[in-house]
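*Asks:* Please find one structure pasted underneath; my questions will follow.
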Amino acid sequence: MTRELDDPELQPVLEAARLLEALAARLGTSAAALAIAFALANSRVATVLFGATSPEQVAENARAVAVLEQLESTALAELTAIS
């Protein structure tokens, strides 16, 4: 069953995606790199696994380490609120 984007149950997920994109743009990175950095910043996460289908995606995912280094407590708090 395919859900339509105007499905009311999807609205919180879509809003979280919009907020993540906006925060990533403010930090000068992609939402993907920011999401990976957020997972890496979580001390309860032992391993972060991600896939890639192109060299460009590998490079983008690797940028998450640099994003992690620039994350401030304010951005982490925003990410926690979004999630």
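No lab work stands behind these numbers, since they all come straight from the coordinates. Since we're looking at a predicted model, the values are computed, not measured. When we count neighbours, we look across all protein chains shown, and the Cβ atoms used for this are built from the backbone with ideal geometry, even at glycine.
*Asks:* Over segment 10-82, what relative contact order in percent results from Cα pairs under 8 Å that are six or more residues apart?
*Replies:* Relative contact order for segment 10-82 comes out at 35 percent.
*Asks:* In degrees between 0 and 90, to the nearest 10, how far off the longest principal axis of the chain does helix 55-70 point, with axes built from Cα atoms?
*Replies:* It is inclined by approximately 70 degrees.
*Asks:* Still on this structure, please answer the following. Using Cα atoms only, what is the angle between the long axis of helix 11-27 and the major principal axis of the chain, expressed in degrees (0 to 90) to the nearest 10?
*Replies:* 30 degrees
*Asks:* Using +1 on the beta carbon of Lys and Arg, -1 on that of Asp and Glu, and nothing else charged, what's the dipole of segment 2-78 about the Cα centre, debye to 20?
*Replies:* Charge dipole of segment 2-78: 320 debye, to the nearest 20.
*Asks:* Using only Cα atoms and rounding to the nearest 10 degrees, what angle (0 to 90) does helix 73-82 make with the longest principal axis of the chain?
*Replies:* 30 degrees
*Asks:* First obtain the Kirkwood hydrodynamic radius of the chain from its Cα pairs, then insert it into the Stokes-Einstein equation at 4 °C and 1.567 mPa s, and state the resulting D in µm² per second as a whole number.
*Replies:* Approximately 94 µm²/s, per Stokes-Einstein.
*Asks:* Here's something else I'd like to know. Grab the DSSP H runs of the chain that are 4 residues or longer, score each as -39,500 (n - 2.57), total them, divide by all residues and round the 222 nm result to the nearest 500 deg cm²/dmol.
*Replies:* -21000 deg cm²/dmol
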